[in-house]
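Q: What follows is a single structure, and I will ask about it in a moment.
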Amino acid sequence: MRYATLVLALAAVSCISSSYTPVLRYAVEPEMQIEPVQATEKTLGIRPLEPSRPYKQRIVFRETDHQIGCYPNVEWAEMPRDTVTRALSDALIAMGRFKDIGNAADLRAPDLLLTGQLRKFDEVRTSDPWVAECEVRIEVREGIERRLVWAATLSVREPLERNDLAALAAAMSRAVARIVEQAAAEIAALE
């Protein structure tokens, strides 16, 4: 009986004394400059980018080249892979090159299939000012045999205006926009 009373008392004290720390969230909102191009009859299916292990919702930083950490109680507003996948899809749709673009699972046998990996989505503190680094591997394959028609690993570093999280979100937005603009232009140029 004393044990049960002690457990209840400790539980009550921990509930009263615990403090809630809200999670801060930062949005990455890339603004791309996209020019329409000549349309084709091809369809393009896009699979969501696969994130490397640390790139979930938490914000990752690098203080040295090989050591990464995460901010406590701070996250991206959404998964970085979703942000980059949507930006790439939006850019390709805005170009007007393909007859239909959508999630590969929703398109019946698309002519082209876009896949990729989000390899870096970091705040890099090894220089001053700090930089936002985004790296993406993208592949485009064609037909049932999925023949490789284009592949690239694109990496961009954007300096932060000041060394804080709000500046990181702005710099990462610029980095994602640059990668997406380059990838979309090269994919739209495919014959």
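Q: Write out, first by first residue and then by second, each pair whose Cβ atoms fall under 6 Å of each other, whose residues are 6+ apart or on separate chains, and whose first residue, in segment 168-191, is part of a helix (DSSP H, G or I) and hydroxyl-bearing (Ser, Thr, Tyr) while the second is surrounded by 18 or more Cβ atoms within 10 Å (Cβ to Cβ) and at pLDDT 95 or above.
A: Note: pairs meeting the criteria are SER173/VAL28; SER173/PRO30.
Q: Which members of segment 73-126 meet the condition of being within 16 Å of LEU168 (Cβ to Cβ), out of contact with any Phe, Trp or Tyr (no Cβ under 9 Å at 6 or more places or on another chain) and assigned to a strand (DSSP E or B)?
A: First, pick out the residues of segment 73-126 that are within 16 Å of LEU168 (Cβ to Cβ): 73-78, 80, 83-84, 120-126.
Checking which are out of contact with any Phe, Trp or Tyr (no Cβ under 9 Å at 6 or more places or on another chain) leaves us with 73, 78, 126.
Matches in segment 73-126: ASN73 only.
Q: Considering only segment 33-81, state which residues are surrounded by fewer than 17 Cβ atoms within 10 Å (Cβ to Cβ), closer than 30 Å to GLY96 by Cβ and within 17 Å of the chain's Cα centre (by Cα).
A: ARG47, GLU50, ALA77, GLU78
Q: Let me ask another. Are there any pairs with C-beta distances below 7 angstrom linking a residue in segment 43-66 that is modelled with pLDDT under 90 to a residue that is in a loop (DSSP other than H, G, I, E, B) and not basic (Lys, Arg), with the two at least 6 apart or on different chains, and if so which?
A: Taking only residues 6 or more apart or on different chains, the pairs are LYS56/MET79; GLN57/MET79; THR64/THR126; ASP65/THR126.
Q: Do the conditions hold for LEU88, that is, is it crowded, with 21+ Cβ neighbours inside 10 Å, touching a Cys at 6+ places or on another chain (Cβ under 9 Å) and either farther than 21 Å from ALA188 by Cβ or modelled with pLDDT of 95 or more (or both)?
A: no
Q: Which numbered condition in (1) among the polar types (S, T, N, Q); (2) farther than 25 Å from LYS42 by Cβ; (3) crowded, with 20+ Cβ neighbours inside 10 Å; (4) without any contact (Cβ under 8 Å) to a residue 60 or more places away in the chain is the only one that SER127 fails?
A: Status for SER127: all satisfied but (3).
Q: Would you confirm whether or not segment 100-119 contains a residue that is of a type in the set (D, E, K, R), touching a helix residue (DSSP H, G or I) at 6+ places or on another chain (Cβ under 8 Å) and either touching a residue at least 12 places away in the same chain (Cβ under 8 Å) or crowded, with 20+ Cβ neighbours inside 10 Å (or both)?
A: Scanning segment 100-119, I find no residue that is of a type in the set (D, E, K, R), touching a helix residue (DSSP H, G or I) at 6+ places or on another chain (Cβ under 8 Å) and either touching a residue at least 12 places away in the same chain (Cβ under 8 Å) or crowded, with 20+ Cβ neighbours inside 10 Å (or both), so the answer is no.
The values are calculated or read from the model by the stated rules, or taken from the named source; none is laboratory data. Small disclaimer: the values here were computed from a predicted structure and weren't measured. Backbone-built Cβ (ideal geometry, glycine too); neighbour counts: all protein chains shown.
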